[in-house]
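For reference, the structure is listed below as structure tokens.
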Ligand code: PGA
């Protein structure tokens, strides 16, 4: 049995003070949840998030990191910097990073490898555009993105990964993939993992759905066999909504 894992992706929202406020509001609402709850906050809010979540069942993630150890990479954040703060998770290859910041499947793979070198759990994002869905290449594309992202990892590392299937057309648009569409692709991703890394890795890897997940649709999505939780953007910024999703 895989645990349900719900991660909030706050994107470029919340100052440090607002972060403390939101986490304090969220803590009592998710305290009894049997699902895992992660909040992925902006870099500048990490210290406040780590402090505010102490002694709670909420874990903290970053939204990106660089694939080098240190050096002349102005504006970038190294894995050590995250680890020293107590960060446990890092979103890698979100479609917004691929779209606006020129990330590729290859840089995603470098970051995933680097995350494991430092004991960080990557939340790897894959997903198709509307044009690609209409072309009928969704499964092929997500399978390829998955293979490249996981290249050179061991089966044991793959077991610890989280993959978030996020159709780009469903992100921030209010258009959720139907539960059947989401399940179909999450299942295909799991089959890809099985093909390359074997049955155990496929059984253990956490595969989330993301894209307009809200308090009204989360339960039905998470009940699907191959959907082990969600990566939640907009709805993670409201404690009441996010807690309903976490408790789904
Ligand atoms: P959304 O974003 O829930 O606002 O659609 C999800 C994401 O981009 O991770």
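Any read-out appearing in this document is the output of simple, stated calculations on the displayed coordinates, not a laboratory observation. As the structure is a computational prediction, the values presented were derived from the model and not from experiment. As a convention, Cβ positions derive from the backbone with ideal geometry for all residues, glycine included, and neighbour counts pool all protein chains shown.
Key figures for this structure:
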read-out	value
Rounded if a/c under 1.5, otherwise prolate or oblate - region 121-248, Cα gyration tensor axes	oblate
Mean residue ellipticity (222 nm) of the chain, computed from DSSP H runs ≥ 4 via -39,500 (n - 2.57), nearest 500	-13000 deg cm²/dmol
Packing-based exposure ordering (other Cβ within 10 Å, fewest first) of 236, 212, 56	56, 212, 236
Exposure proxy ranking, count of Cβ atoms within 10 Å, fewest first, for 180, 228, 241	180, 241, 228
Simple spin-label estimate for residue 32 and residue 156 in nanometres, 7 Å along Cα-Cβ	3.9
Residue 76 versus residue 194: modelled label distance in nm, points set 7 Å from Cα along the beta carbon direction	3.7
Relative contact order (percent, whole number), the chain, Cα cutoff 8 Å, 6+ residue spacing	22
Centroid-to-centroid separation of region 79-122 and region 164-196 [C-alpha atoms, Å]	20
Order by protection proxy (mean Cβ within 10 Å, highest first), peptides 117-129, 148-160	117-129, 148-160
Region 39-155, Rg to Rh (Cα coordinates; Rh as Kirkwood inverse mean 1/r)	1.01
Region 51-72 residues near the modelled residue 84 label - backbone nitrogen below 16 Å, point 7 Å along Cα→Cβ	66, 68-72
Label-to-label distance, nm, for residues given as residue 224 and residue 54 (7 Å Cα→Cβ offset)	4.0
Residue exposure sequence - 185, 244 - by fewest surrounding Cβ within 10 Å	244, 185
Dmax and Rg, reported as Rg then Dmax, of region 140-181 (C-alpha, Å)	13.1, 37
Hull shadow area, averaged, the chain [alpha-carbon convex hull, nm²]	12.2
Mean separation of Cα contacts under 8 Å, 6 or more apart, over the residue count of region 184-248: relative contact order %	30
